[in-house]
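Readers should treat all values here as calculations from the given coordinates under stated rules, not as data from a laboratory. These figures come from a predicted structure and were not determined experimentally. When we count neighbours, we look across all protein chains shown, and the Cβ atoms used for this are built from the backbone with ideal geometry, even at glycine.
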Amino acid sequence: MHPSFPAIRSTALATAAILAAATTAFAHHGWSWTDDGFFQLEGVIRDIYIGNPHATLEVDAEGELWRVELAPPSRTIAAGFTEDAAKIGDEVTAIGNRSRDHDEKRMKAVRIIVNGKTYDVYADRVPPA
Amino acid sequence: MAEILAGIEQLALVRALKASFVAYPIVNALHIISIGVLLTSVIFMDLRIVGAFRSVPQAPFVALLRRTALVAFAGAVITGLLLFSVRASEYAAKPVFLVKMTLIFAAGANFFAFALISRNAGDKPASTAVTVLAILSPFLWLCVLFAGRFIGFL
């Protein structure tokens with residue numbers, strides 16, 4: 001039997017359809033998944049991850065657990081926020097952009113303030129003084 | 001299971017990779033290279049099986065591309081395990097990661113089914129069953145790629 005190229009063509013079309021559907025999903029890389037305006041979160045640090053691919057904090061804000069995404073570790077550490085900068089239980093203020101989906105307790109921080117010190121992990125994006 | 005995943009994250013090599021500014025992007029790049037070679041060899045192999053590039057002798061072409069695909073897959077597994085290891089518990093809890101693993105399993109099953117059916121087929125034209133598997137193969141691997149990319153975005 002000689003196999004048909006129409007079959008391959010329909011496979012290609014199905015793949016293209018998946019691609020098109022996929023582009024509507026939001027992304028945690030970059031900023032496209034966040035609101036434009038600045039958002040401020042205050043709470044208590046429950047977990048700290050300083051590492052690849054991104055540094056993150058788990059923050060308890062009035063009983064709600066938030067995921068605060070920081071920059072890649074190189075950038076986060078260059079901003080001074082190392083593993084010694086904060087510990088679990090510390091109070092934190094995170095300023096940045098929250099997820100467009102407000103049901104999702106997730107934000108990307110450009111500035112975090114812990115123990116009276118300010119760390120600008122995305123210094124080019126911090127709110128004007 | 002949770003202890004195993006947490007244990008993986010505490011391995012010395014994994015901790016070094018987690019903190020490294022250089023090694024992690026390199027492993028990431030090697031993973032992309034492996035995926036690129038794997039997808040390319042799979043697509044060309046399957047196109048030849050379903051009847052494209054008839055001027056190229058099928059048996060040696062498919063044998064070469066299959067070897068290439070297997071080496072690339074091994075590379076993707078090794079680099080993929082390293083990328084997974086830095087946040088093993090986090091990734092293991094992500095639905096899209098589990099979808100990707102299921103798709104890899106399906107693509108692997110497809111490969112073994114193909115190998116079984118097409119044994120001793122030589123240069124004879126492909127049977128219907130072989131053609132179906134050969135069309136399914138690049139489709140499954142492309143789905144693996146898309147699922148994998150979405151791990152970083154969902």
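The Cα center of region B:44-73 and the Cα center of region A:96-113 differ in position by 48 Å. Rounded to the nearest 20 debye, the dipole magnitude of the protein assembly as shown is 1480 debye, with +1 charges on Lys and Arg beta carbons, -1 on Asp and Glu beta carbons, and the Cα centre as origin.
Using the crude model of +1 on Lys and Arg Cβ and -1 on Asp and Glu Cβ, and no other charge, please compute the dipole size for region B:2-151 relative to its Cα centre, in debye to 20.
Working: 12 positive and 5 negative charges, 46 e Å.
Value, rounded to 20: 220 debye.
Between the Cα long axis of helix B:128-151 and the first principal axis of chain B there is an angle of about 20°, rounded to the nearest 10. Starting from the Cα of A:Lys87, draw a straight line to each of the lysines and keep only those under 23 Å, dropping any in the same chain fewer than 8 residues away. Within the straight-line cut-off, A:Lys87 pairs with A:Lys105, A:Lys108, A:Lys117, B:Lys18. Derived scalar couplings between HN and Hα for region A:99-114 equal 4, 4, 7, 6, 6, 8, 8, 8, 9, 10, 8, 9, 9, 10, 10, 9 Hz in order, rounded to whole Hz, by the Karplus curve 6.51 cos²θ - 1.76 cosθ + 1.60 (θ = phi - 60°), x for Gly and Pro. Backbone phi angles across region B:2-8, fed through the Karplus curve with coefficients 6.51, -1.76 and 1.60 (θ = phi - 60°), yield HN-Hα couplings of 4, 5, 4, 5, 5, x, 4 Hz in residue order; Gly and Pro are listed as x.
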